[in-house]
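One structure is given below, encoded as structure tokens.
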Amino acid sequence: MAQGFETRQIHAGAVVDAQAGTRITPIYQSAGYVFDSFDDAEARFAGGGDRLVYSRHSNPTNAVVERRIADLEGGSGALLTGSGQAAIFSTLYSLASAGDHILATASLYEGTKQLFRNNLARQGLQFTFVDAEADDDEWARSFTPRTKAVYTETIPNPKNDVPDLERLARIAHAAGVPLVVDNTVATPYLNRPIEWGADIVIHSTSKWLAGHGSVIGGAVVDAGRFDWAAHPEKFPQLHAVPRPGVRSFVEVYGTRAFLPFALTVVNDYGPTVPPTSSFLLLAGIETLSLRLERHVANAQRVAEWLEAHPDVVSVDYPGLPSSPWHERAQRLLPKGSGSVLAFEPRGGRDAARTLLDSLRLVSQMTHIGDVRSLAIHTGSTIHGRLSEADRLALGITPGLIRLSVGLETVDDIIADLDQALRLAHA
């Protein structure tokens with residue numbers, strides 16, 4: 001019988017330690033693992049089994065987290081990385097080589113776009129950003145013979161637009177490439193992109209999955225159903241024979257070839273997550289659904305209060321009926337629209353400065369998905385490298401504040417925002 005989400009977030013992928021019988025997954029703090037013999041070492045390095053080689057490659061604590069996240073997302077497997085940015089890098093470098101092209105929706109977290117525009121571009125990857133709402137013809141014109149993926153986010157922050165994942169999957173698959181979705185803000189509790197057609201799902205596990213602001217990490221989840229065999233010209237790295245007598249990734253793994261290849265990228269570049277971080281991440285995942293219910297409820301209340309406040313010019317949150325994304329959010333995010341919102345106080349940048357410096361409960365810092373409420377002025381920080389014209393084109397107005405709503409008593413969050421707004425407009 002299929003088990004519920006809450007049961008799986010506690011039990012999926014867990015293995016009772018054979019020696020000590022521990023019910024909680026232990027921290028296996030070891031760099032390497034003893035080989036049984038010469039032949040065993042050779043066999044492990046050849047791959048294909050579950051025996052461990054080195055913790056840069058895999059670790060028993062990390063393996064439990066990988067199985068659990070894959071289960072919650074409905075994927076065939078998962079791979080942990082040292083950060084969300086490392087998850088993005090590892091995914092795109094597994095799909096594309098220098099000179100190849102990635103299509104991305106225009107509204108993405110700015111840190112991701114900086115990775116695309118700067119270091120990945122410097123290493124030869126080309127990116128085109130397309131409005132997610134552009135018509136099919138514009139999307140079709142944006143593909144090139146070297147396009148290797150379509151990339152988007154479930155809920156881009158801070159503007160909280162909601163792309164139509166089902167449509168983007170159709171567009172990507174018509175061009176013979178996978179849809180990659182960053183599902184950090186929604187988490188698998190609010191949305192599972194694979195159910196809407198996504199092929200690869202990415203997480204910054206530092207956010208809601210861990211939930212307590214204590215660790216950095218990332219994850220890559222493979223749906224395990226993209227037909228890599230049908231596109232040898234697009235993905236030659238998956239079809240290449242490493243040496244005589246060794247089969248290609250596609251020959252060995254079929255539709256699940258992506259993740260084993262991505263593991264070689266992580267192993268070579270080394271963005272490994274330590275097992276101590278995975279231990280804390282596991283503890284966070286066990287309460288994911290409970291925390292998200294409160295996160296969403298608090299965010300909805302705060303968004304409604306801000307929208308009604310006379311000193312607030314605008315609020316970006318798809319849970320509000322006034323949001324242009326509200327109807328789509330009801331379809332794609334029936335359990336809630338996440339817990340990040342953006343708002344513009346009357347008075348622009350100066351008002352935002354006074355407001356943020358007047359907060360007593362809400363912390364002014366760059367992070368989201370914490371149990372604590374966090375706020376930041378995006379134009380001077382996350383989007384600070386952009387020109388004013390570029391910021392405005394993205395909807396980053398002079399006073400825009402991103403607020404990650406935490407789990408404090410919601411009346412206390414509102415009271416803190418209220419006193420800060422009053423000081424900002426005294």
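Values in this text are rule-based calculations from the coordinates and carry no lab data. Note that the coordinates shown come from a computational prediction; the quantities given were computed from them, not determined experimentally. Every residue, glycine among them, receives a Cβ derived from its backbone with ideal geometry; neighbour counts consider all protein chains shown.
Apply the Karplus parameterisation 6.51 cos²θ - 1.76 cosθ + 1.60, with θ equal to phi minus 60°, to every residue of region 180-191 and state each ³J(HN,Hα) to the nearest whole Hz, in sequence, with x for glycine and proline.
10, 10, 7, 10, 4, 6, 7, 6, x, 6, 8, 7
Near residue 102, within a Cβ-to-Cβ distance under 15 Å, what is the net charge of the other residues, with Lys and Arg +1 and Asp and Glu -1?
Here the count lands on +2.
If each Cα of the chain is one equal point scatterer, what is log10 of I(q)/I(0) from the Debye formula at q = 0.06, 0.12 Å⁻¹?
Those come out to -0.26, -0.99, one per q.
Between region 133-167 and region 329-375, how many Å separate their Cα centres?
Each part's Cα centre sits 26 Å from the other's.
Evaluated at 37 °C with a viscosity of 0.692 mPa s, what Stokes-Einstein diffusion coefficient in µm²/s does region 191-233 have when Rh comes from the Kirkwood expression over alpha-carbon pairs? Intermediate results must be reported in sequence, preceding the final value.
Working: Rh = 12.2 Å.
Here the translational diffusion coefficient equals 269 µm²/s.
Using Cα-Cα distances under 8 Å and only pairs 6 or more residues apart, what relative contact order does the chain have, in percent?
The value is 16 percent.
Express the relative contact order of region 289-424 as a whole percentage, based on alpha carbon pairs under 8 Å and six or more residues apart in sequence.
Numbers: 229 pairs, mean separation 39.4, N = 136.
Taking the mean separation of contacting Cα pairs over the length of region 289-424, I get 29 percent.
Using 1/(1 + (r/R0)^6) with R0 = 45 angstrom and r between the beta carbons of residue 43 and residue 390, what's the FRET efficiency to the nearest 0.05? Please list the in-between numbers first.
On the way: r = 54 Å, r/R0 = 1.19.
Computed FRET efficiency for residue 43 and residue 390 comes out at 0.25.
Determine the distance separating the Cα centre of region 25-70 from the Cα centre of region 256-273; give it in Å without decimals.
13 Å
Could you tally the net charge around residue 68, taking each other residue with its Cβ under 13 Å from the Cβ of residue 68, Lys/Arg +1 and Asp/Glu -1? Present the calculation step by step, with values, prior to reporting the outcome.
Numbers: positive: 8, 67; negative: 6, 66, 71, 73, 286.
Surrounding charge for residue 68 is -3.
Find how much the distance from residue 330 to residue 240 grows on full extension, using 0.36 nm per residue of separation minus their present alpha carbon separation; answer in nm with one decimal.
In short, 28.0 nm is gained.
For q values of 0.09, 0.15, 0.16 Å⁻¹, compute log₁₀ I(q)/I(0) with the Debye formula on a Cα-only model of region 139-285, without solvent.
Cα-only, vacuum Debye calculation for region 139-285: -0.33, -0.88, -0.97.
With a/c under 1.5 counting as rounded, go ahead and sort region 289-424 into rounded, prolate or oblate using the C-alpha gyration tensor (a ≥ b ≥ c being the square roots of the eigenvalues; past the cut-off, prolate if a/b is larger than b/c, else oblate).
oblate
So what's the net charge close to residue 284: Lys and Arg +1, Asp and Glu -1, counting the other residues with Cβ under 10 Å from its Cβ?
Charge balance in the 10 Å sphere: +1.
Tell me, what HN-Hα J-couplings in whole Hz come from the Karplus equation 6.51 cos²θ - 1.76 cosθ + 1.60 at θ = phi - 60° for each residue of region 11-17, using x for Gly and Pro?
10, 4, x, 6, 10, 5, 4
Under Stokes-Einstein, with the Kirkwood radius over Cα pairs standing in for Rh, what whole-number D in µm²/s applies to region 356-420 at 20 °C and 1.002 mPa s?
D, rounded to a whole number, is 171 µm²/s.
Can you give the % of DSSP beta bridges in the chain that are antiparallel, to the nearest 5? Intermediate results must be reported in sequence, preceding the final value.
Details: 23 of 41 bridges.
Expressed as a percentage, antiparallel bridges in the chain total about 55.
Over region 133-235, what is the relative contact order in percent, taking alpha-carbon pairs closer than 8 angstrom and at least six residues apart? Mind showing how you got there, number by number?
On the way: 151 pairs, mean separation 22.6, N = 103.
With pairs under 8 Å counted, the relative contact order is 22 percent.
Can you compute the radius of gyration and Dmax for region 247-299, using only the Cα atoms, both in Å?
Considering region 247-299 through its Cα atoms, Rg and Dmax are 17.5, 52 Å.
Shape of region 1-61 from its Cα gyration tensor (a ≥ b ≥ c, root eigenvalues): rounded if a/c is under 1.5, otherwise prolate when a/b > b/c, or oblate?
Details: a/c = 2.63, a/b = 1.96, b/c = 1.35.
Cα axes put region 1-61 in the prolate bin.
Any chance you could check the Cα centroid distance between region 179-232 and region 73-115 for me, in angstrom?
10 Å
Mind checking region 167-262 for trypsin sites (Lys or Arg not before Pro) that DSSP puts in a loop (not H, G, I, E or B) and that have at most 14 other Cβ atoms within 10 Å? Kindly include the intermediate steps, with their values, before the conclusion.
On the way: sites: 167, 170, 207, 225, 234, 247, 256; in loops: 207, 225, 234, 247.
Sparse-neighbourhood loop trypsin sites (Lys or Arg not before Pro): 225, 247.
Let me have the 222 nm mean residue ellipticity of the chain computed from DSSP H runs of 4+ only, each contributing -39500 (n - 2.57), with the sum over all residues rounded to the nearest 500.
Mean residue ellipticity, 222 nm, calculated: -11000 deg cm²/dmol.
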